[in-house]
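The values are calculated or read from the model by the stated rules, or taken from the named source; none is laboratory data. Just so you know, these numbers come straight off a predicted model, no measurement behind them. Neighbour counts are summed over all protein chains in view; Cβ atoms, including those assigned to glycine, are modelled from backbone coordinates with ideal geometry. Just so you know, the surface numbers come from the protein's heavy atoms only, side chains and all, with ligands and any DNA or RNA stripped out. Shrake-Rupley method; radii C 1.70, N 1.55, O 1.52, S 1.80 Å.
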Amino acid sequence: QVQLVESGGGLVQAGGSLRLSCTASANIASINVMGWYRQAPGKQRDLVATITSGKNTFHADSVKGRFTVSRDNAKNTVYLQMNSLKPEDTAVYYCYADLRPRGWGLSWGQGTQVTVSS
């Protein structure tokens, strides 16, 4: 399946910003749906945002207006710009590619820790 490598996580103060990057080992122009999930300790993995090859986007209500998902197909990279961060945004963030049209299921990045201090 597609390999996904994330970067950009770290520790940030509440109200600050962070940009996550996810670079794929394949030409993502051929992958329709990509995006981000997050998982906080003791919580389920929740969808944060998705973006299609046509640049249609979805953002969860909890992050709408603060986070923006984007993609650069030429760089095989998906981004998550996170602004106005809150402590409740603290989680491991996972990039994913939906390969189910290929019969491969979801491909996941390794996860990157985002910690927002109050």
From the convex hull of the Cα coordinates of the stretch 1-52, what is the mean projected area in square nanometres? 4.8 nm²
Rounded to a whole %, the carbon-and-sulfur portion of the accessible area of the chain at a 1.4 Å probe is 47 percent
Report the antiparallel proportion of the DSSP beta bridges in the chain as a percent, rounded to a multiple of 5. 90 percent
For the chain, built as a Gaussian network whose Cα springs stay under 10 Å, the top-fluctuating residue of 44, 13, 81: 44
In nm, to one decimal, how far is the residue 72 label point from the residue 14 one, both placed 7 Å along Cα→Cβ? 3.3 nm
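Accessible area per residue of the chain at 1.4 Å probe, in Å²?
50 Å²
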So residue 86 and residue 118, fully extended at 0.36 nm per residue minus their Cα-Cα distance, gain in nm 10.8 nm
With viscosity set to 0.692 mPa s at 37 °C, what whole-number translational diffusion coefficient in µm²/s follows for the chain from Stokes-Einstein and a Kirkwood radius over Cα pairs? 233 µm²/s
How far apart, in nm, are the 7 Å Cα→Cβ label points at residue 61 and residue 106? 2.0 nm
The chain: longest segment with zero exposed trypsin sites (Lys or Arg not before Pro), where exposed means DSSP loop plus at most 10 other C-beta atoms within 10 Å, is residues 56-118
Taking a cut-off of 16 Å between Cα atoms, list the lysines near residue 75, but don't count ones fewer than 8 places away on the same chain. 55
